[in-house]
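**Q** Submitted below is the structure of interest, expressed as structure tokens.
The values are calculated or read from the model by the stated rules, or taken from the named source; none is laboratory data. Please read all numbers here as calculations on a predicted model, not as lab measurements. Don't worry about glycine lacking a Cβ; one is built from the backbone with ideal geometry, like all the others, and counts go over all protein chains shown. Protein only, heavy atoms only, side chains kept; ligands, DNA and RNA dropped before computing areas. Shrake-Rupley method; radii C 1.70, N 1.55, O 1.52, S 1.80 Å.
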Amino acid sequence: MTDTETETHTGTHTGTGTEAAGATAGEEAAGDETPPLMVAGHMVPVPDEIEAFDLEVEGALPPELNGRYIRNGPNPPPGSKNPHVFTGAGMLHGVRIAGGKARWYRNRWVRTSKLAGAERERPDGTRDLAVNAANTHLIEHGGKLLALCEGGLPYRITGELETVGAEDFGGLLETAMTAHPKEDPGTGRLHFFGVGLQEPALTYHRLSADGELEFSRSVEVPAPTMMHDFAITEHHVVWLDLPAVFDRELLGKAMPVRWNEAYGARLGVMDKSGLGEVRWFEIEPCYVFHVGNAREDDHGRIVLDAVRYDRGTWDATWPVLGGRAEPQEGGTATGTVLHRWIIDPAAGTVSETQLDDLVVEFPTLNENRTGRRHRYQYLVSQEPAAAVVRYDVASGARESYELGARWTVGEAVFVPSSEAGVPGQEGGEDEGWLMSVTTDVDGTASELIVLDASEVSAGPVARVRLPRAVPSGFHGSWIAE
Ligand SMILES: [Fe+2]
């Protein structure tokens, strides 16, 4: 989200669901008049930074796990004028695991210049991209840990969660950076984009495997939209140009994003080299925060799976996320469901199908399959009960671990066991673990749960009791030692 992302859920939510969107302008956007959003129960920000050692574990942590689980999310500091959750300062919660033990927990704000009070606009009127909430994701690439937020530059973080500073890749990154870059498992390159309210509205970038910015180009779109995610395949980048259009009239009143039916919706296919034209394919208007995966099939078609919001679901969700009460337009509200588009470049067509009817968000997978054929998609649901879900895209089978009505569940990050899921191997994709932070709805307790990804319905193999309630947040990663 614009600097903002938030999660919510469709409907009432609670938990995890949606994220935020924010847009690149969001935050400035939200302004001080935006009402506080979801600041009760499991959403309540923590007031301080703590650490705790040798955490209690129920069950057995897999001995092979040696690293850190780090999750990002908005956490407005005490006394914030505007505690709108989308725009809150990023806070990292980390758990160090080694030798079958949970060695420590700690939480730290990302020490951005925004947190220090800097203005987004410089005296000369230019935008300081370092001024952003850094509240949406945390990834590792090229040996750097980066806290991400689509409203600006990433922030480099240490393994102890201390902030190093804003990262512009040697001065080469001149746009914001999405919170959802894609690392190609074949090349190790990191593909990403930046959205801007000013031109260029959309810019494609690529980092080499060792973290050098090696390519940037602008991509022509009719207007800046809240493009939160995108996809790669083996040979292509897939753009989602959807009708969540920035609207300057909303600046200072709410998140400056509005559904614009007239904008239409289209998927764009671009060669991954970044060279050549983008080929656009019109689709039914919808919105997507999160892509599950994309791949090429044996016929050269591009198969894209993502969590889709229809118009009715958007109308039920965005006024809450966007900090603005407005009449709902009605229309079908299927909820946020897993959906598939198949683009056939040879025929010039695109078809789409709803894959499942469970209301879900936060799709994850074995990232060794990013842009390649995958079989298992992991998701979380809050309705009818908080659950971690494993969906088999080949058979349509679904299994889940339900936490019950008293709990909320965050994104379930897949952690491969050693060589699992290498592209080209049919077996092994689900050999690994899922990690998720759960918080009770009253905001009194949290656990880091670890599930066997091949046996989700069996429930956690380990539960690490965290020393405090961790507010529901957005995205995170397992950083192997
Ligand atoms: Fe996201």
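**Q** Among the listed residues L275, L304, which satisfies the condition of being part of a loop (DSSP other than H, G, I, E, B), over 23 Å from F86 (Cβ atoms) and aliphatic (A, V, I, L, M)? Give the steps one after another, and end with the answer.
**A** Values: L304 fails: part of a loop (DSSP other than H, G, I, E, B).
From the options L275, L304, the qualifying one is L275.
**Q** Could you please let me know if G117 is out of contact with any Leu (no Cβ under 8 Å at 6 or more places or on another chain), of a type outside the set (A, V, I, L, M, F, W, C), within 16 Å of the ligand (Cβ to nearest atom) and modelled with pLDDT under 95?
**A** For G117, the condition - out of contact with any Leu (no Cβ under 8 Å at 6 or more places or on another chain), of a type outside the set (A, V, I, L, M, F, W, C), within 16 Å of the ligand (Cβ to nearest atom) and modelled with pLDDT under 95 - is not met.
**Q** Just name the residue that is farthest from the ligand (Cβ to nearest atom) out of those in the range 174-188 that are in contact (Cβ under 8 Å) with a residue 60 or more places away in the chain and assigned to a loop (DSSP other than H, G, I, E, B).
**A** Taking the candidates together, the pick is G186.
**Q** Within the range 240-264, track down each residue that is part of a loop (DSSP other than H, G, I, E, B), away from the ligand (no atom under 16 Å from the Cβ) and either charged (D, E, K, R) or buried (at least 24 other Cβ atoms within 10 Å of the Cβ) (or both). Quick ask: steps written out before the conclusion?
**A** Initially, the range 240-264 is screened for residues part of a loop (DSSP other than H, G, I, E, B), giving 242-243, 247, 251-256, 260, 264.
Narrowing the set further to residues that are away from the ligand (no atom under 16 Å from the Cβ) leaves 243, 247, 251-254, 256, 260, 264.
Correct list: D247, K253, A254, P256.
**Q** So G335 ticks every box in (1) out of contact with any Leu (no Cβ under 6 Å at 6 or more places or on another chain); (2) at pLDDT 95 or above but one. Which box is left unticked?
**A** Looking at each condition in turn, G335 falls short on (2).
**Q** Please go through the range 42-63 and pick out each residue that is assigned to a strand (DSSP E or B), in contact with a Pro (Cβ under 7 Å, 6 or more places away or on another chain) and closer than 18 Å to R108 by Cα.
**A** Once the filter is applied, which keeps residues that are assigned to a strand (DSSP E or B), in contact with a Pro (Cβ under 7 Å, 6 or more places away or on another chain) and closer than 18 Å to R108 by Cα, the range 42-63 yields only A52.
**Q** If you don't mind, another one. Among the residues of the range 176-188, which ones are closer than 22 Å to V219 by Cβ and over 19 Å from the mean Cα position of the chain (by Cα)?
**A** Selection gives T187 alone.
**Q** Could you tell me whether the range 53-67 includes any residue that is more than 15 Å from the ligand (Cβ to nearest atom), at pLDDT below 85 and open to solvent by 40 Å² or more (accessible area, probe 1.4 Å)?
**A** no
**Q** Within the range 453-469, identify whether any single residue is over 21 Å from L145 (Cβ atoms), hydroxyl-bearing (S, T, Y) and at pLDDT below 95, and answer yes or no.
**A** Scanning the range 453-469, I find no residue that is over 21 Å from L145 (Cβ atoms), hydroxyl-bearing (S, T, Y) and at pLDDT below 95, so the answer is no.
**Q** I would also like to ask the following. Residues being assigned to a strand (DSSP E or B), within 16 Å of the ligand (Cβ to nearest atom) and either farther than 20 Å from V291 by Cα or among the charged types (D, E, K, R) (or both): count how many of those fall in the range 193-239.
**A** Here the count works out to 0.
**Q** Looking at the range 128-139 only, could you name the residues that are crowded, with 19+ Cβ neighbours inside 10 Å and either on the phi > 0 side of the Ramachandran plot or more than 16 Å from the ligand (Cβ to nearest atom) (or both)?
**A** Result: L129, A130, V131, A134.
**Q** Which one of E167, E183 is charged (D, E, K, R), modelled with pLDDT of 95 or more and open to solvent by less than 50 Å² (accessible area, probe 1.4 Å)?
**A** Working: E183 fails: open to solvent by less than 50 Å² (accessible area, probe 1.4 Å).
Just one listed residue meets the conditions, E167.
**Q** Kindly check whether there is at least one residue in the range 289-299 that is away from the ligand (no atom under 16 Å from the Cβ), among the β-branched types (V, I, T), surrounded by 21 or more Cβ atoms within 10 Å (Cβ to Cβ) and under 17 Å from R340 (Cα atoms).
**A** no
**Q** Regarding G171, is this residue free of Cβ contacts under 8 Å to residues at least 12 places away in the same chain and within 28 Å of E220 (Cα to Cα)? Step through it out loud before you land on a result.
**A** Values: free of Cβ contacts under 8 Å to residues at least 12 places away in the same chain: yes; within 28 Å of E220 (Cα to Cα): yes.
Judged against the criteria, G171 is a match.
**Q** Go through the range 365-376 and give me each residue that's open to solvent by 30 Å² or more (accessible area, probe 1.4 Å) and in a loop (DSSP other than H, G, I, E, B).
**A** Selection gives R372, R373, R375.
**Q** Say we look at the range 340-364 and pick out the residues that are buried (at least 21 other Cβ atoms within 10 Å of the Cβ) and under 30 Å from S436 (Cα atoms); which of these is farthest from the ligand (Cβ to nearest atom)?
**A** My answer is W341.
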